[in-house]
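Asks: Dropping a structure here in structure tokens format, bear with me for questions.
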Amino acid sequence: MVKRSCPSCGPEPGGEEKKGRGNPISVQLFPPELVEHIISFLPVRDVVALGQTCHYFHEVCDAEGVWRRICRRLSPRLREQGSGVRPWKRAAILNYTKGLYFQAFGGRRRCLSKSVAPLLAHGYRRFLPTKDHVFILDYVGTLFFLKNALVSSTLGQIQWKRACRYVVLCRGAKDFASDPRCDTVYRKYLYVLATREQPGVVGTTSSRACDCVEVYLQSSGQRVFKMTFHHSMSFKQIVLVGQETQRALLLLTEEGKIYSLVVNETQLDQPRSYTVQLALRKVSRCLPHLRVTCMASNQSSTLYITGGGLPRKRVPKAAELRAPDPPDQGGVYFEVHTPGVYRDLFGTLQAFDPLDQQMPLALSLPAKILFCALGYNHLGLVDEFGRIFMQGNNRYGQLGTGDKMDRGEPTQVHYLQCPIALWCGLNHSLVLSQGSDFSKELLGCGCGAGGRLPGWPKGSASFVKLHVKVPLCACSLCSTRECLYMLSSHDIEHYPAYRDLPASRVVGSPEPSLGTGGPQDPGGAARACEEYLSQIHSCPTLQDRMEKMKEIVGWMPLMAAQKDFFWEALDMLQRAAGGVGPGPSTPES
């Protein structure tokens, strides 16, 4: 018999030898190879939990040998280790947590359905839904083509079937993009930025790796066009902007420069070849000192983030005493190509020049920006302290500020911080957040027509919790006219870690808006409560008062559990009074 006791604590006290039993021994006496082999048969969740019991099992469960066996068990065709400090552990967790979840709008189900997971995929890095299918890019550059089918239910609503099969569209892909509009009907072509081996000088057997852009039909996955660049140019991101006849492809180099070329999509499927000109974008010509790290675009505007990059891992306090960042580190520059969108974003046409639409405009922000989301006429920004700033048109309350007044400059949403992902659509916004117990929830604001805000058919001017059960490892999201998508993947080498806000900035922060009065401003909190009561009193019916109270609960700076309690209580009172409410919420266990 083997008695499993913690090696650091020794055997349990009072462990006298009993009749008919052998002497108890410690697991530490086993050969390390045997212990690793036994642990490798456990599920990934149990291996992580076992590593948190004591120091000995923490070292054993963190060994690369254990994760190499687990990784090969989960993905038998994966023969090469990935990158990073712990490549096998990273690869195993990526393949264990990968998943694509979706929920059709208008249906009665509030649980997300899981799509088919390609066995060949090495984790999920990015995804893009089109009119009929879904494209997924993994961490080794393989682009998968998941073939779906749209069916009509008896109620006349569009619902998604489970992905029936998948194929490998191409390998060596770096990034991909399609029409930036939210409506998937316009996404006819898929542009893939990839690396291909090209033959070298004539008479030699050497080859060179060159970047290229390949264009595929989204309906069939057939390649219709290919552009190859010089081997000295290396790109890392591609976005699209403009109409079909004047589609501009923006390519971001490894050095932070932006090049652009214009193609006519109406001629791509014709069997002929023509030359396109690759030119340096004006933001890189006029501001050569800027190093752009990422881009975002819609049909008529483009947003550039300089130097900030993605959220980095939390470092020790001593390591934070580094040299100050450059003045343009994490800055945001904006291009707007139409006067209507410019007026919605900035509230004026004073600085708009129709003859020079590529001139970049700098946004005034108090800190470095880590990532962003760009809708049709509004945008969202997240800085290094986890603060969310919204700007643009607010006709449907898509900025989440609690009102429907447009914002011509970045405005902080005070009651919402440290998001995992942010998404902006045509007239609504979504935020994926994580609680203190690592449970995730989906918040939304704006127009709720068509079921795009599950549980809130009338919409909301502030971010409210949606009636959707969020996967534990959800990391990104996307919404179309028919469906809500969530991508599940956990990368141990890259995870969001925000910095703590300095005390000077906390004290000098602007006065909280409605619903954000804190202990530092008791008078503001009292005025906010009086305003709440006046809004409830102005509602004509009990049903309207209940709906207004739910919105006010979403505005208040409460914990997630407290908000869930108040929403549940209001739903119970609403049903008891005979009102027809949105139904009981489904709080996560």
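The values are calculated or read from the model by the stated rules, or taken from the named source; none is laboratory data. Computed from a predicted structure; not experimentally measured. When we count neighbours, we look across all protein chains shown, and the Cβ atoms used for this are built from the backbone with ideal geometry, even at glycine. Side chains are part of the model used for accessible areas, which takes the heavy atoms of the whole protein and leaves out ligands, DNA and RNA. Shrake-Rupley method; radii C 1.70, N 1.55, O 1.52, S 1.80 Å.
Asks: Hey, G455 hits all of (1) out of contact with any His (no Cβ under 7 Å at 6 or more places or on another chain); (2) under 21 Å from I552 (Cα atoms); (3) in contact (Cβ under 8 Å) with a residue 24 or more places away in the chain but one; which does it fall short on?
Replies: Here G455 clears every test but (1).
Asks: Still on this model: Working only within the range 279-310, note down all residues that are open to solvent by 50 Å² or more (accessible area, probe 1.4 Å) and assigned to a loop (DSSP other than H, G, I, E, B).
Replies: P288, H289, R291, L310 - these are the residues of the range 279-310 that are open to solvent by 50 Å² or more (accessible area, probe 1.4 Å) and assigned to a loop (DSSP other than H, G, I, E, B).
Asks: Regarding M233, is this residue surrounded by 15 or more Cβ atoms within 10 Å (Cβ to Cβ) and part of a loop (DSSP other than H, G, I, E, B)?
Replies: For M233, the condition - surrounded by 15 or more Cβ atoms within 10 Å (Cβ to Cβ) and part of a loop (DSSP other than H, G, I, E, B) - is met.
Asks: Restricting attention to the range 236-278, and to residues there that are of a type in the set (K, R) and not in a loop (DSSP other than H, G, I, E, B), which single residue is surrounded by the fewest Cβ atoms within 10 Å (Cβ to Cβ)?
Replies: Among those that are of a type in the set (K, R) and not in a loop (DSSP other than H, G, I, E, B), it is K236.
Asks: Same structure, new question: Quick one: L430 ticks every box in (1) aliphatic (A, V, I, L, M); (2) out of contact with any helix residue (DSSP H, G or I) (no Cβ under 8 Å at 6 or more places or on another chain); (3) surrounded by fewer than 19 Cβ atoms within 10 Å (Cβ to Cβ) except a single one, so which number is it?
Replies: (3)
Asks: Further question: Output the residue which, of all residues in the range 389-420 that are of a type in the set (A, V, I, L, M) and open to solvent by 10 Å² or more (accessible area, probe 1.4 Å), is farthest from S364 (Cα to Cα).
Replies: Looking at the filtered set, the residue picked out is I420.
Asks: Just name the residue that is modelled with the highest pLDDT out of those in the range 358-373 that are within 12 Å of V283 (Cβ to Cβ) and open to solvent by 50 Å² or more (accessible area, probe 1.4 Å).
Replies: The residue in question is A362.
Asks: So which residues in the range 458-478 are of a type outside the set (A, V, I, L, M, F, W, C), modelled with pLDDT of 90 or more and not in a loop (DSSP other than H, G, I, E, B), if there are any at all?
Replies: Result: S460, S462, K465, S476.
Asks: Using beta carbons and a limit of 7 Å, which pairs, at least six apart or on different chains, have the first residue in the range 33-56 and within 22 Å of C473 (Cα to Cα) and free of Cβ contacts under 8 Å to residues at least 40 places away in the same chain and the second one of a type in the set (F, W, Y) and in a helix (DSSP H, G or I)?
Replies: Within 7 Å, the pairs are L50/F57; G51/F57.
Asks: Could you pull out every one of the strands (runs of 3 or more DSSP E) wholly within the range 105-207 that has 2 or more residues that are modelled with pLDDT of 80 or more and more than 24 Å from H428 (Cα to Cα)?
Replies: 133-137, 143-147, 165-170, 173-177, 189-199
Asks: From G340, G386, G330, grab the single residue that is at pLDDT 80 or above, crowded, with 18+ Cβ neighbours inside 10 Å and of a type in the set (G, A, S).
Replies: Going through G340, G386, G330 in turn, the sole match is G386.
Asks: So which of S220, S207 is in contact with a Pro (Cβ under 8 Å, 6 or more places away or on another chain), open to solvent by 10 Å² or more (accessible area, probe 1.4 Å) and farther than 18 Å from V276 by Cα?
Replies: When all the criteria are applied, what remains is S207.
Asks: Taking the conditions exactly as written (among the charged types (D, E, K, R) and either at pLDDT below 80 or open to solvent by less than 20 Å² (accessible area, probe 1.4 Å) (or both)), does R69 satisfy them or not?
Replies: It is false that R69 is among the charged types (D, E, K, R) and either at pLDDT below 80 or open to solvent by less than 20 Å² (accessible area, probe 1.4 Å) (or both).
Asks: Among the residues of the range 453-478, write down those that are within 22 Å of F135 (Cβ to Cβ) and not polar (S, T, N, Q).
Replies: P471, C473, A474, C475, L477, C478
Asks: Output the residues belonging to the range 439-455 that are over 22 Å from M405 (Cβ atoms), open to solvent by 10 Å² or more (accessible area, probe 1.4 Å) and under 17 Å from the mean Cα position of the chain (by Cα).
Replies: Correct list: S439, K440, E441.
Asks: Out of all the residues in the range 208-230, which are part of a loop (DSSP other than H, G, I, E, B) and at negative phi?
Replies: Answer for the range 208-230, where residues must be part of a loop (DSSP other than H, G, I, E, B) and at negative phi: Q218, S219, S220, Q222, F229, H230.
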